[in-house]
1. Jot down the per residue volume, in cubic angstrom and as a whole number, of the convex hull over the alpha-carbon atoms of the stretch 192-349.
2. Please report, to one decimal in angstroms, the Kirkwood hydrodynamic radius of the stretch 31-246 built from all distinct Cα-Cα pairs.
3. In what sequence do 139, 150 fall when counting other Cβ within 10 Å, fewest first?
4. So for each of 197-204, 166-173 I average, over its residues, the number of other beta carbons within 10 Å; can you give me the resulting order with the highest mean first?
5. Arrange the following residues from fewest to most other Cβ atoms within 10 Å of their Cβ: 160, 235, 80.
6. Using just the C-alpha positions of the stretch 94-164 as equal point scatterers, what log10 of I(q)/I(0) does the Debye formula give at each q in 0.24 1/Å?
7. Percent relative contact order of the stretch 200-349, based on C-alpha pairs within less than 8 angstrom and at least six residues apart?
């Protein structure tokens with residue numbers, strides 16, 4: 001179906017009220033040029049790695065047998081190549097349950113893709129294509145970004161290939177509930193415009209480094225969009241490539257990365273200057289039974305330090321389920337150790 005576009009002009013205003021371009025002060029021009037150059041460079045850097053993903057979903061025997069309904073449903077989203085041998089990151093909700101996946105590259109090539117694995121708990125998925133001359137995106141570090149920093153989103157909203165929007169990082173450390181019901185922690189909030197079809201595309205810095213996977217918008221709000229941090233995506237993608245799924249431990253807390261006061265770091269000889277503050281504790285849950293409270297700061301699990309939610313996710317996925325392990329917490333200025341027994345994630349049972 002064709003798109004209906006509305007052109008907006010200023011022809012309705014009297015000529016005397018129009019502000020001539022020459023009135024723009026020379027002092028504004030360098031700022032505008034620097035901004036334009038940053039967005040242009042970032043877009044040119046990441047565009048060759050951005051793909052459009054077309055999917056087909058079967059509707060089941062009962063509906064396909066009814067002539068009033070089509071035999072399959074179609075959808076589309078975005079993704080980006082992150083290895084030269086054809087691995088592509090996208091959202092789980094883009095490809096979950098798809099019977100056929102096709103990838104359209106930036107140069108127009110259409111390639112059949114295979115699902116490597118998807119994780120609804122983090123709304124991330126990996127697909128793979130077999131094609132020559134692929135350009136992999138450069139992955140950055142979501143821990144190095146700051147509120148107010150310029151970011152650029154690239155994707156395929158409503159099928160418009162490689163659409164670029166720009167904005168800033170509005171907030172860090174947000175939590176977003178996935179389609180599986182699990183909270184995705186440490187999500188990036190941005191006002192770079194996202195629309196249906198942007199899902200799975202990259203959120204990049206002015207240097208073209210991917211620091212997030214665009215995943216959601218809030219309707220009918222404007223300028224409230226979310227991306228999953230690339231550090232979480234790196235870990236999930238690695239596990240999906242290796243095992244096809246993530247067998248995840250569950251303790252029943254949601255949290256936010258926080259800096260630790262230096263006096264506490266020195267007092268308790270902590271290995272990191274960051275920790276994970278407990279925002280909420282589910283009951284019943286392993287964390288509830290272990291006595292964790294809101295406001296506790298997790299700084300260690302097992303024999304490993306915990307500097308944030310990504311560390312805890314990694315350790316819970318690696319530890320054996322049902323094994324009692326020590327968790328180091330800060331409660332106020334006191335350091336304590338609680339014993340916790342992680343369980344299989346309820347969404348996996």
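What follows is calculated from the coordinates using simple rules that are stated; it is not laboratory data. Model, not experiment: these values are computed from the prediction. Glycine also receives a Cβ, built like all others from the backbone with ideal geometry; neighbour counts cover every protein chain displayed.
1. Looking at the stretch 192-349, the number lands at 162 Å³ per residue.
2. Value: 17.3 Å, from the Cα pair sum.
3. Exposure proxy ranking, most exposed first: 150, 139.
4. 197-204, 166-173
5. 160, 235, 80
6. Values, matching the q order: -1.33.
7. Once divided by the residue count of the stretch 200-349, the mean separation gives 19 percent.
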